[in-house]
Amino acid sequence: MPFERREGSLYVDGVALTDIAKSVGTPAYVYSWASIRQRFEELDAALADSNHQICYAVKACSSMTILARLAELGAGFDIVSGGELERVLAAGGTPGAIVFSGVGKSVEEIDLALKVGIRCFNVESASELRRIEERAAILSRRAPISIRVNPNVDPKTHPYIATGLKTVKFGVPAEVALELYREAHAAEHLDVVGIDCHIGSQINDVAPFAEALDALLALVDQLDNEKISLRHIDIGGGFGVTYQNEARLDTRAIGTMAKERLASRALDLIVEPGRSLVADAGILLTRVEYLKPRIAEDAKSFAVVDAAMNDLIRPALYQAFHDIQPAEQVDDSVRDSWDIVGPVCESGDFLGHGRVLALAEGQLLAIFSAGAYGFVQSSNYNTRPRACEVIVDDGSFAVMRPRESIAEMLRSEVIV
């Protein structure tokens, strides 16, 4: 972890969080670049025995600075929208290292991806395959495609982030995929290049990945028998991290598992990590506005902070746990079991329940493991400006996204 406590105050890579808060205000997202780089390099080393490409899942954290720096490390990118494609290109990402996932690709998004020359479309339905073929024909291109196979593997994770079961919207069953591969192989404007899956997020055991990869390889063998040769196999992402007491997925085990299964095959390996690279690297800084101590034994004590569900929706949306700790010691703090809540007008606006902490009004708090699906899921609910984003690197910090102003929020609206 890049965060440490010195004489009661929290630091990130040698920089005091109190100094950052004094400079940029709160709420604020703060990221450790050293931590992101370390996670990327660890995964890269774990997969060294396979010819591989790490395609960072942009949806986890799409800040331009982080995308640009990952591109410099050699990362490709996994995108799920035309907006993410344009963001990656603006950050200096290489089109030929981009895979385009998602169940609802529009004509405009497909056309843009064809024109810039992405590595692959991860196709999720028969209708999508035919739309891509149609657009490629109109643009006189050959579209590189992979079929996203739904292997019906249960990753034993939260139902909202389980994506490889037959009951979810993603991908197609293996028997449908086989028919789509035959169709694509015969199509003049499609180039069959790979096969892929994504079974879910927050997976802490290598076994579901091994089961999914075995299912994909069985289909690869069927395709080989029909003279349909692939160039890559994509096992997605979803590598688990520790929010509370979960075991972090051992990426070395992923590397060993992939090496054993792909050693005799001429297939490149693609992985799509997102959360596992950025979650632990980011925190959300917030300040206590008011304390509302319990008024009866069966009541609760509330710490009302200046961050809210519009800033970090994961606790309300997924019942997700984020560790919350004071970033500084305050002499007149009161120790109690606090519900950490925001100012948004919703009873579901909470960041943590029942946290035993010594708190005072005006105190700075750090909400940990907020680097993934934090800022990217934030909104302007209650007409609240979105937080700023700060990156820390080599003992200094810089604002990479300024705090949004109310004037900016209102500028695009008209009264009709």
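Mind counting the residues in segment 104-136 that are assigned to a helix (DSSP H, G or I) and not basic (Lys, Arg)?
As a first pass, look at segment 104-136 and keep what is assigned to a helix (DSSP H, G or I): 107-116, 126-136.
Checking the rest, the ones that are also not basic (Lys, Arg) come to 107-114, 116, 126-129, 132-134, 136.
So the answer is 17.
Can you spot a residue in segment 66-79 that is of a type in the set (Lys, Arg) and either under 21 Å from Asp234 (Cβ atoms) or at pLDDT below 95 (or both)? Please lay out each step first, then the result.
Restricting attention to segment 66-79, the residues satisfying the condition of being of a type in the set (Lys, Arg) are 69.
If we keep only those that are either under 21 Å from Asp234 (Cβ atoms) or at pLDDT below 95 (or both) as well, we get none.
No, that holds for no residue.
Do the conditions hold for Asp19, that is, is it out of contact with any Ser or Thr (no Cβ under 7 Å at 6 or more places or on another chain), among the charged types (D, E, K, R) and not assigned by TED's automatic domain parsing to the domain that holds Ala253?
When the stated conditions are applied, Asp19 passes them.
May I ask you to list the residues in segment 228-261 that are surrounded by fewer than 20 Cβ atoms within 10 Å (Cβ to Cβ) and part of a helix (DSSP H, G or I)?
Arg252, Ala253, Thr256, Met257, Lys259, Glu260, Arg261
So in segment 262-284, with the set limited to residues that are outside any loop (DSSP other than H, G, I, E, B) and in contact with a helix residue (DSSP H, G or I) (Cβ under 6 Å, 6 or more places away or on another chain), which one is nearest to Gln53 (Cα to Cα)?
Among them, the one singled out is Leu269.
For segment 125-154, give me each residue that is of a type in the set (Asp, Glu) and at pLDDT 95 or above. Don't jump to the end; show me each part of the working.
Filtering segment 125-154 down to residues of a type in the set (Asp, Glu) leaves 128, 133-134, 154.
Those that are of a type in the set (Asp, Glu) and at pLDDT 95 or above: Glu128, Glu133, Glu134.
Scan segment 310-343 residue by residue and report those that are in contact with a helix residue (DSSP H, G or I) (Cβ under 7 Å, 6 or more places away or on another chain) and part of a loop (DSSP other than H, G, I, E, B).
If the condition is that a residue be in contact with a helix residue (DSSP H, G or I) (Cβ under 7 Å, 6 or more places away or on another chain) and part of a loop (DSSP other than H, G, I, E, B), then Asn310, Ile313, Ala320, His322, Ala327, Glu328 are the ones that fit.
What number of residues within segment 381-414 satisfy the criterion of being in contact (Cβ under 8 Å) with a residue 40 or more places away in the chain and surrounded by 14 or more Cβ atoms within 10 Å (Cβ to Cβ)?
Result for segment 381-414: 16.
Just to be sure, is Leu213 among the aliphatic types (A, V, I, L, M) and assigned to a strand (DSSP E or B)?
So Leu213 does not fit the description; no.
For the subset of segment 347-380 comprising residues that are surrounded by fewer than 16 Cβ atoms within 10 Å (Cβ to Cβ) and more than 26 Å from the chain's Cα centre (by Cα), which member is farthest from Ala281 (Cα to Cα)?
Ser347
Out of the residues in segment 24-49 that are under 18 Å from Phe375 (Cβ atoms) and over 19 Å from the mean Cα position of the chain (by Cα), state the one that is surrounded by the most Cβ atoms within 10 Å (Cβ to Cβ).
Pro27
With the structure loaded, tell me whether Leu89 is more than 30 Å from Glu260 (Cβ to Cβ), buried (at least 19 other Cβ atoms within 10 Å of the Cβ), among the aliphatic types (A, V, I, L, M) and outside the structural domain of Arg386 (by TED's automatic domain parsing) or whether it fails that test.
no
For segment 352-381, name all the residues that are among the aliphatic types (A, V, I, L, M) and under 21 Å from Ser276 (Cα atoms). Give the derivation first.
Taking segment 352-381 and keeping what is among the aliphatic types (A, V, I, L, M), we get 356-360, 364-367, 370, 372, 376.
The answer is Ala366, Ile367, Ala370, Ala372, Val376.
The values are calculated or read from the model by the stated rules, or taken from the named source; none is laboratory data. On a predicted model such as this, the values are computed, not experimentally measured, just so you know. Glycine gets a Cβ as well: all are built from the backbone with ideal geometry, and neighbour counts include every protein chain shown.
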